[in-house]
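Asks: Below are the C-alpha cells for one structure; questions will follow.
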Amino acid sequence: MKIRISSLAPLFVLLCMSSAGAQEQFPVVDMVANNIVMKYQNSSCEQLWQERAQKQGKPKSPEEEKMIQILRTDQAMRAEFIDKIAAPIANKMFECGMIP
C-alpha cells in the first residue's frame, strides 16, 4: 500500500512534457495530486509515521527534484497542485498528530 513519491517518477516526466501543451489545466498534475491524496487517505497514521522516519535525512530522487523545480518555476501549475493536495493532506496529518 505504500506509494512513495519516487514511484510516481514516470508521472513527473509526463508532467514536464504536458506543461508545454497545457494552458490553464494540467491533467497530469491532477493525476499526480490525486495519487498523493489517495496515498494519504488510504494510509494509516502508523504507516505515515514510519514512512516519515525512513525519509529523514535521505536525499530526494532526481525525479522529485525535477518536479519540485517545475513547480517552483510554473506558478499556475504549482497553484493547481497545492490546491488539490493541501486540505486532504493537512487534515490527515492533523488527525495523525504530525502537525499541531
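FYI, it's all coordinate maths here, none of it is from the lab. Note that the structure is predicted; figures quoted are calculated from it, not measured. Quick reminder, even Gly has a Cβ in these numbers, built from the backbone with ideal geometry, and neighbours come from all protein chains shown.
Asks: If I take R0 = 41 Å and measure r between the Cβ atoms of Lys55 and Gln75 in this structure, what FRET efficiency does the formula 1/(1 + (r/R0)^6) give, to the nearest 0.05?
Replies: Working: r = 27 Å, r/R0 = 0.65.
FRET efficiency, Lys55 to Gln75: 0.95.
Asks: For Ile82 paired with Met98, estimate the spin-label separation in nm (one decimal), with each label point 7 Å from Cα along the Cα-to-Cβ line.
Replies: 1.9 nm
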